[in-house]
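Worksheet: one structure, shown below.
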Protein chains: 2
Amino acid sequence: MAGSTTQSTSRTRSWWGWGWEDAHPDDAECTAMGALLPGTLARPIPVPRVRDLDMADPAVEPPRSLAHLVTADPGDRAAHAMGKAYRDVVRALRGRPGRIPDLVARPTDDRGVADLLEWASDRQVAVVPYGGGSSVTGGVEYRGDAHRAVLSLDLTSMRRVLEVDTEGRAARIQAGTLGPILENQLRPHGLTLRHFPQSFEFSTLGGWLATRAGGHYATGRTHIDDFVQALHVVTPAGTSSSWRLPASGAGPSHDRLFLGSEGALGVITEAWVRLQERPRHKASAAVFFAGFPDALRAVRTIAQSDLSPANCRLLDAGEAALSGAAQDRSAVLVLGFESADEPVTARLERALALTRSHGGRHDSAAGANGGPGGDAAVSAWRSAFLRMPYLRDGLARMGAVAETFETAATWDRIPGLIDAVRTEVAAAAVKATGHPATVNCRLTHVYPDGAAPYFTVLAAGRPGGEDSVWDDLKAVAAEVLHRHRATITHHHAVGRDHRPGYDRQRPEPFALALRAAKGALDPRGILNPGVLVD
Amino acid sequence: MAGSTTQSTSRTRSWWGWGWEDAHPDDAECTAMGALLPGTLARPIPVPRVRDLDMADPAVEPPRSLAHLVTADPGDRAAHAMGKAYRDVVRALRGRPGRIPDLVARPTDDRGVADLLEWASDRQVAVVPYGGGSSVTGGVEYRGDAHRAVLSLDLTSMRRVLEVDTEGRAARIQAGTLGPILENQLRPHGLTLRHFPQSFEFSTLGGWLATRAGGHYATGRTHIDDFVQALHVVTPAGTSSSWRLPASGAGPSHDRLFLGSEGALGVITEAWVRLQERPRHKASAAVFFAGFPDALRAVRTIAQSDLSPANCRLLDAGEAALSGAAQDRSAVLVLGFESADEPVTARLERALALTRSHGGRHDSAAGANGGPGGDAAVSAWRSAFLRMPYLRDGLARMGAVAETFETAATWDRIPGLIDAVRTEVAAAAVKATGHPATVNCRLTHVYPDGAAPYFTVLAAGRPGGEDSVWDDLKAVAAEVLHRHRATITHHHAVGRDHRPGYDRQRPEPFALALRAAKGALDPRGILNPGVLVD
């Protein structure tokens, strides 16, 4: 077998928590954060070590012909055991991670993927496709014991932009390409995908496609789905390669069946994606609202206009305070416009006028490439956004519950839904821990017909059982979502954590169709068992 | 059984040709048109009569409980035998229509649809879902003899707008609602779907959804797919009802599996669709180009800008001459902008400036709600667009070949594709008939990464074998499309006529998945046999 593959960077990825090891808050910072939250621990749970894990020897060996693609390095295996949800971090901190894969494979081409799938099908080895490993819904771990062994199929050695069509603004890109590596390769061509999920540094094109990730744009083309021109998917039943087409009406969209299939139908190995010129014109502003209902109306008006802001994120008072965008109990709307071919200040001005008619306040007149009042609020929100997952892990070390979840619903349901989530999840936290909890909300994406609320929960834990406290709160949240016919996920995917909610939401005939499709493409049931269908 | 259901209008639909009987060109007009095309007949083929058809008695009778929904009226049966492709019209004119369905059913609710499917499953009766009957790809007829009988399932008695959500701009609408009936019901709410295919008067919401119809918008949201909020589909395995959601990332999109399923997976009975306010601001213009390559570059520049014209249709010189938009061998770009919330003249002016930099000419400065030079060209094109199918039927009566087909491809392939189609189809027509042929092209929809060319073929026929001449030309065209990796259909659907091209284009693993899905939802194989999968 091959030795452990090292990253080309000198920074080290955390095997148990978010992102880079050196970006994690240290013990003192953790303690300071914990002190702000009643009911947390006095000192942080120690950072877990791979060598303390109880790791069995691999139950299978790869054949000689594939051995160069496969490693059983304990660090690699541990790092591929789970995604990066709060409950994953807690399980690692408490020394009970999910099942550790027997082997990690890093194929470098389609052939390697196909050979690994063939071997795994023959040997009843579960294959868990793995991109950046940033799943927050249990998408990259194995649960159960129906397979002889578990192989984590890490695609990140397939990380090249293979072709660029500058005339038609598209590129063929390997699925294992992490966000920054992808943009770095496009930059010399003056093009960009502009898909910037919060996980951008630590997630791959293939992961975005397999989970229908939400990206940069708060309106319009919010999901990666709309940027797909063609897909290349290796399945146990053969390779599916669709033509590059700007649009087609030939039968149900085959690409749309694989988008969101979360590795259960095949392994996406490359895609042609639609690109754009880099924006030359930008303008942004923060708008403050005394009341959330007014802010909601303003946002709906903007979403139903022709304005198409790139950014249109509404923070409730709690979220605004938490991110430093406002400390006066205002709700804050972060608005941003961008364009590669014309100035956008007129659009920002018109959006600001719409917010004023709903009671919105901003400090000054709009200016090109920067913008009006609230710059500090905008940049406070932006840095908090990127820092947030690290702080979450710090809070987890203090025994706190700190996690997010998201959904989407039509406008008629939005106010009642947000109220119910806030009230019922907070009440459940008090009941479970005896301490008050914070439940904040922001809208991350808005549509003419609805919006995507994103909730942040901060609560005390129960020492040693922090993940089960969270599981209880999440079950309450899922119940509220179901009652309001709000989707179990707008852009975090189903994974294993959202299966109960997904199973209730999905129309039963579609479940029949999906199960049949899975049976046809993955007859031995080796592909990411447990996600989407059984 | 119920008697023949009459339309509420006093006008009569043609059973064999396009649209209204009274809108068809008369014999004199047909003769005049034929005289312009070498190699056509001296006088028109007579209009076919239902009473001349050799129509067997129905091979089955519906059960008493469903008899009130079903008719065996010969006129109804004849009118439901085929769609409205050129080859359908010719087959009717030549007295050899496709297999005439044994029965026509007009359910009025989901229950009726489900009961009919259950009965048909039990009795091995093929069920062909039928909306407005405007298919031009053999989508609504039965071919073969594997079923005991054929039932045409006409949805047009389900034609109501059931609910309107004005806040979230959406409506729940029954699938059998024809275009004008749909818009008439939305008008009092100040809302519109703005889906205006050429078949608008004679096609239904359900038909648009089942075939992924292309609509009003030449850029952006070109297909009905993007306007779907939720679908309600009755299948033999149960009813699929998705939640109203503005967006979701929960698994592969279930609605997208049914969109484009052409009645093979289930019967779409209603949908929640996204609506818009009626546009208050409009501006349009025609731009003239001496050369088609310059025009292509101009259109691509506009498609890659932020301008989002509602109309952006490029006619080549032949198409411009045919529609009366230009007679000087110019290519003509018909540009149109519209908005419900802001004036659009600035956008039109900017688009015109872009066209000028590629050699485009227009007559005067842009004006609001009307616009600059070329008004006559715009309206000439518009009336020709609506009149075209009637003229096609007139030419068919003169023994001519007169038909269209459409595709889409990425920009790098567009010039070569269009050239090859023009050259090879015209050469094939000369070879088949000994007479020169006209092959014109327009772009109906444009995208940042490609465009949808639409071809019109006018040629002589071979008396009595006009449809086989067309079949030969279409096979040549399909071969060219395949060689250029251009889709077999951008918005006309697959039906039965496009099956060979579709089967070659569709990735084989998706075919496996689709076949499995069909087996799960329609285990007896009664739903629209022959489309998409066998």
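What follows is calculated from the coordinates using simple rules that are stated; it is not laboratory data. Since the model is a prediction, treat every value here as computed from it, not as a measurement. Please note: Cβ atoms are built from the backbone with ideal geometry, for glycine as well, and neighbour counts cover all protein chains shown.
Reachable lysines from A:Lys282, Cα under 30 Å, same-chain residues fewer than 8 places away excluded?
Qualifying lysines at Cα under 30 Å: B:Lys282.
Once a ≥ b ≥ c are taken as the square roots of the eigenvalues of the Cα gyration tensor of chain B, is the result rounded (a/c under 1.5), prolate (a/b larger than b/c) or oblate (a/b not larger than b/c)?
Here chain B falls in the oblate category.
Tell me, what HN-Hα J-couplings in whole Hz come from the Karplus equation 6.51 cos²θ - 1.76 cosθ + 1.60 at θ = phi - 60° for each residue of region B:218-227, using x for Gly and Pro?
In residue order, the calculated couplings are 7, 9, x, 7, 7, 10, 4, 3, 6, 9 Hz.
Using a 10 Å cut-off around each Cβ of peptide B:233-245, what is the average number of partner chain Cβ atoms that fall inside?
Per-residue shielding by partner chains comes out at 5.
Mind checking B:445-451 for the average number of partner chain beta-carbons within 10 Å of each residue's beta-carbon?
Partner Cβ neighbours, averaged per residue: 6.
Please list, in chain and number order, the residues 5+ apart from B:Val228 or on another chain whose amide H is under 5 Å from its amide H, with Hs placed from the backbone.
B:Arg274
May I ask you to compute the full-extension gain from B:Asp375 to B:Thr301, defined as 0.36 nm times their residue separation minus their alpha-carbon distance, rounded to one decimal in nm?
24.4 nm
Just from its helices, what would the mean residue ellipticity at 222 nm be for the protein assembly as shown, if runs of 4 or more DSSP H residues each count -39500 (n - 2.57) and the sum is divided by every residue, rounded to the nearest 500 deg cm²/dmol?
About -9500 deg cm²/dmol.
Distance between the C-alpha centers of region A:447-477 and region B:260-328? Whole Å please.
Their Cα centres are 46 Å away from one another.
For region A:325-336, what does the Karplus curve 6.51 cos²θ - 1.76 cosθ + 1.60, with θ = phi - 60°, yield as ³J(HN,Hα) per residue in whole Hz, taken in order and with x for Gly and Pro?
For region A:325-336, the Karplus curve yields 6, 7, 10, 10, 6, 7, 7, 10, 9, 9, 10, x Hz.
Can you give me the long-range amide H partners of A:Ala326? Hydrogens built in the peptide plane at 1.01 Å from N, cutoff under 5 Å, separation of 5 or more residues or another chain.
Distant-sequence amide H within range of A:Ala326: A:Ala321.
Just rank B:Asp472, B:Asp22, fewest to most, by other beta-carbon atoms within 10 angstrom.
Taking fewest neighbouring Cβ atoms as first place, the list is B:Asp22, B:Asp472.
Short version: ³J(HN,Hα) in whole Hz for each residue of region B:72-83, in order, from phi by Karplus 6.51 cos²θ - 1.76 cosθ + 1.60 (θ = phi - 60°), x for Gly and Pro, what are they?
10, 3, x, x, 4, 4, 4, 5, 9, 6, 8, x
Please list, in order, the residues from region B:315-341 whose amide nitrogen is less than 20 Å from a point placed 7 Å along the Cα→Cβ vector of B:Thr423.
B:316-319
Using the count of nearby Cβ atoms within 10 Å as a rough guide to exposure, how do A:Met33, A:Met398, B:Met55 rank from fewest to most?
Going from least to most buried by this count: B:Met55, A:Met33, A:Met398.
Residue separation times 0.36 nm, minus the C-alpha to C-alpha distance between A:Asp27 and A:Ser10: what's the value?
3.8 nm
Could you line up B:Val161, A:Val113, A:Val480 from fewest to most neighbouring Cβ atoms inside 10 Å?
A:Val480, B:Val161, A:Val113
What FRET efficiency comes out for B:Arg143 versus A:Arg160 if R0 is 51 angstrom and r is the Cβ-Cβ distance? Round to the nearest 0.05.
0.60
Rounded to the nearest 0.05, what FRET efficiency do A:Asp73 and A:Arg387 have when you use their Cβ-Cβ distance and R0 = 25 Å?
It comes out at approximately 0.25.
Scan around A:Met158 for amide H atoms under 5 Å from its own, H built in the peptide plane at 1.01 Å from N, and keep only partners 5 or more places away or cross-chain.
A:Gly176
What trypsin sites (Lys or Arg not before Pro) in region A:253-324 are in a loop by DSSP, with at most 13 other Cβ atoms within 10 Å of the Cβ?
Of the trypsin sites (Lys or Arg not before Pro), the ones in loops of region A:253-324 whose Cβ has at most 13 other Cβ atoms within 10 Å are A:Arg280.
Averaged across the residues of B:498-510, what count of C-beta atoms belonging to other chains lies within 10 Å of each residue's C-beta?
If you average over the peptide's residues, the count of other-chain Cβ atoms is 6.
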